[in-house]
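The values are calculated or read from the model by the stated rules, or taken from the named source; none is laboratory data. What you see is a predicted model, and the numbers here were worked out from it, not measured in a lab. Cβ: placed from backbone, ideal geometry, glycine included. Neighbour counts: every protein chain shown.
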Ligand code: FES
Ligand SMILES: [Fe+2]
């Protein structure tokens with residue numbers, strides 16, 4: 001992992017653990033193992049995709065995605081539901097990620113902010129779609145790393161989209 | 001030419017798929033009706049603009065320095081380049097990026113570089129109205145602005161066009177003691193792979209939710225782990241009521257294809273007394289009560305807009321092609337109403353109108369299947385379902401297809417094929 005925060009005091013073992021976690025995060029989504037994926041997140045987690053570039057306000061501004069653990073679970077139940085007509089033909093997706101970079105370490109809480117570029121191709125309903133942007137993770141280390149937040153900044157977040165069903 | 005495609009209780013599938021029908025609709029319906037442009041709060045200051053596409057024409061919805069909104073064709077009078085490139089912004093003058101012809105915010109041509117190159121009576125000249133950007137009439141009803149491309153003398157003014165369907169807009173405005181709304185919280189935009197009519201024909205379709213939305217209903221029912229479901233889950237789960245409940249939802253058809261429907265949930269109640277008193281003072285107790293409790297769901301302003309007053313949502317529909325439709329939605333903030341209402345409405349918009357909505361994909365899939373199913377094969381589409389004993393145009397329920405038949409009565413009027 002690339003360390004951008006020069007003041008961060010992190011061990012090689014922590015960097016390795018975080019790298020492993022983020023690898024699993026993408027691969028579990030790529031292989032549609034959603035419950036295992038959700039288990040990587042903390043109880044107070046958030047999945048957030050802004051509707052406009054640089055969006056921080058999630059209360060008085062709409063979001064492309066804004067989900068706590070309950071709503072993430074709801075999405076998983078829906079996409080794995082037998083009557084999800086739109087997914088009847090199946091959905092396959094491949095997320096390819098760039099190098100992970102440790103942007104900052106919160107000196108108070110010890111939370112890590114890690115970001116990496118991604119490209120995702122999704123095949124569904126007889127067509128291919130492409131998404132690109134930045135994943136930003138907030139990780140919390142207790143006994144192990146958990147994901148507190150995954151933020152997905154799509155480069156075309158403010159453009160019209162066809163339905164977005166699976167997690168990016 | 002289009003006679004015979006739409007009957008009283010069925011239509012030919014080609015009304016959804018034929019490119020010829022689609023381009024005729026652009027001219028006969030979308031260029032002739034009042035099309036929803038936007039809310040005036042989107043362009044508060046002189047020079048503020050938003051782009052819109054109406055009947056396939058690129059428009060600039062802009063506030064002129066006289067304070068009035070204008071709808072200008074976004075097409076340079078020189079060689080036709082699009083002038084405003086961004087979706088929105090502020091411009092005191094509109095300068096074409098190609099050769100620099102410049103227009104005022106009312107469309108007047110104010111500057112041509114190297115004017116000496118032009119001579120002769122029919123040459124481009126600044127100040128000459130025939131070289132201005134075409135400007136179309138804009139009318140607004142309680143700050144909801146609509147445009148009409150064809151200036152047909154017999155055309156009804158906006159208020160008359162909207163008729164009783166205006167009530168949905170009134171209900172939203174009267175949530176504000178000051179009668180003032182503003183768009184806030186961004187625009188959600190979704191592209192549907194279906195004809196625009198497929199979308200409108202679903203607005204009061206009470207037969208589909210339990211069936212189409214089974215996946216999100218199932219997911220939402222499982223969401224309450226410790227008894228109290230999140231608000232989002234209860235919104236999603238409300239599609240899972242028995243059909244008999246949908247049979248309780250009253251649908252009204254208004255002339256011109258407009259319609260509305262009563263909704264399930266009533267989120268009003270426990271209003272803070274200061275707010276309620278302010279509403280009473282502004283509108284009188286009866287109207288204030290209505291504004292808070294009358295729940296019109298998916299009111300349709302045929303054929304370009306839909307409102308959901310309960311959650312202060314306004315939607316604009318833009319047909320992109322015979323098989324593609326853009327639906328944009330905005331949340332309106334009622335000035336003087338509790339902030340908690342607005343925050344709840346943003347959550348509602350995220351849940352129901354975002355492209356990531358758990359509800360929307362199955363609707364979109366049903367629309368897409370209709371579009372696919374009708375492609376290339378001619379045949380009829382049934383709109384026979386009625387409530388027992390209903391008469392044409394009468395109020396029915398969400399289990400009747402009368403509102404679809406009413407939309408086609410308007411369609412035939414516009415398309416000139418009414419027998
Ligand atoms: S096309 Fe606009 S100035 Fe030439
Ligand atoms: Fe639906």
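Brief remarks on what is shown
- Number of residues in the range A:45-55 that are within 9 Å of chain B (Cβ to nearest Cβ) and part of a loop (DSSP other than H, G, I, E, B): the value is 3.
- For the range A:75-99, the set of residues classified as within 7 Å of another protein chain (Cβ to nearest Cβ) and either in contact with a helix residue (DSSP H, G or I) (Cβ under 7 Å, 6 or more places away or on another chain) or on the phi > 0 side of the Ramachandran plot (or both) consists of A:77, A:78, A:81, A:83, A:84, A:85, A:86, listed by residue number.
- Some residue of the range B:213-221 being part of a strand (DSSP E or B) and either surrounded by 21 or more Cβ atoms within 10 Å (Cβ to Cβ) or out of contact with any strand residue (DSSP E or B) (no Cβ under 9 Å at 6 or more places or on another chain) (or both): no
- Meets criteria (surrounded by fewer than 18 Cβ atoms within 10 Å (Cβ to Cβ) and assigned to a helix (DSSP H, G or I)) for residue A:5: no
- Only one of the numbered conditions (1) surrounded by fewer than 16 Cβ atoms within 10 Å (Cβ to Cβ); (2) modelled with pLDDT of 90 or more; (3) more than 11 Å from every other protein chain (Cβ to nearest Cβ) is not met by residue B:254, and that is (1).
- Single unsatisfied condition, residue B:168 versus (1) touching a helix residue (DSSP H, G or I) at 6+ places or on another chain (Cβ under 7 Å); (2) without any contact (Cβ under 8 Å) to a residue 60 or more places away in the chain: (2)
- Any hit, the range B:185-198, residues being crowded, with 21+ Cβ neighbours inside 10 Å, within 30 Å of residue B:274 (Cβ to Cβ) and assigned by TED's automatic domain parsing to the domain that holds residue B:274: yes
- Some residue of the range A:147-165 being within 14 Å of chain B (Cβ to nearest Cβ), at pLDDT below 95 and in contact with a strand residue (DSSP E or B) (Cβ under 8 Å, 6 or more places away or on another chain): no
- Residue match in the range A:4-19 (condition: over 20 Å from residue B:354 (Cα atoms) and under 16 Å from the mean Cα position of the chain (by Cα)): yes
- Being under 17 Å from residue B:138 (Cβ atoms), assigned to a loop (DSSP other than H, G, I, E, B) and away from ligand 1 (no atom under 16 Å from the Cβ) is a property that residue B:46 has.
- Of all the criteria given as (1) assigned to a helix (DSSP H, G or I); (2) within 14 Å of chain A (Cβ to nearest Cβ); (3) at pLDDT 95 or above, the one not satisfied by residue B:188 is (1).
- Matching residues in the range B:116-156 - criterion: being outside any loop (DSSP other than H, G, I, E, B) and out of contact with any helix residue (DSSP H, G or I) (no Cβ under 8 Å at 6 or more places or on another chain): B:116, B:117, B:129, B:130, B:131, B:135, B:136, B:138, B:147
- Put simply, of B:99, B:204 the only residue that is within 16 Å of ligand 1 (Cβ to nearest atom), more than 14 Å from chain A (Cβ to nearest Cβ) and part of a loop (DSSP other than H, G, I, E, B) is B:99.
- Unique match (being outside the structural domain of residue B:302 (by TED's automatic domain parsing), within 30 Å of residue A:59 (Cβ to Cβ) and touching a residue at least 40 places away in the same chain (Cβ under 8 Å)) among B:176, B:182, B:140: B:140
- Selection count, the range B:65-80, where residues are crowded, with 18+ Cβ neighbours inside 10 Å and either within 16 Å of ligand 1 (Cβ to nearest atom) or not in a strand (DSSP E or B) (or both): 6
- Residue ranges of strands (runs of 3 or more DSSP E) in the range A:103-168 with at least 2 members without any contact (Cβ under 8 Å) to a residue 24 or more places away in the chain and farther than 15 Å from residue A:49 by Cβ: A:127-141
- Some residue of the range A:56-64 being more than 8 Å from every other protein chain (Cβ to nearest Cβ) and either in a strand (DSSP E or B) or over 17 Å from residue B:348 (Cα atoms) (or both): yes
- Selection status of residue B:83, more than 16 Å from ligand 2 (Cβ to nearest atom), at pLDDT 95 or above and assigned to a strand (DSSP E or B): no
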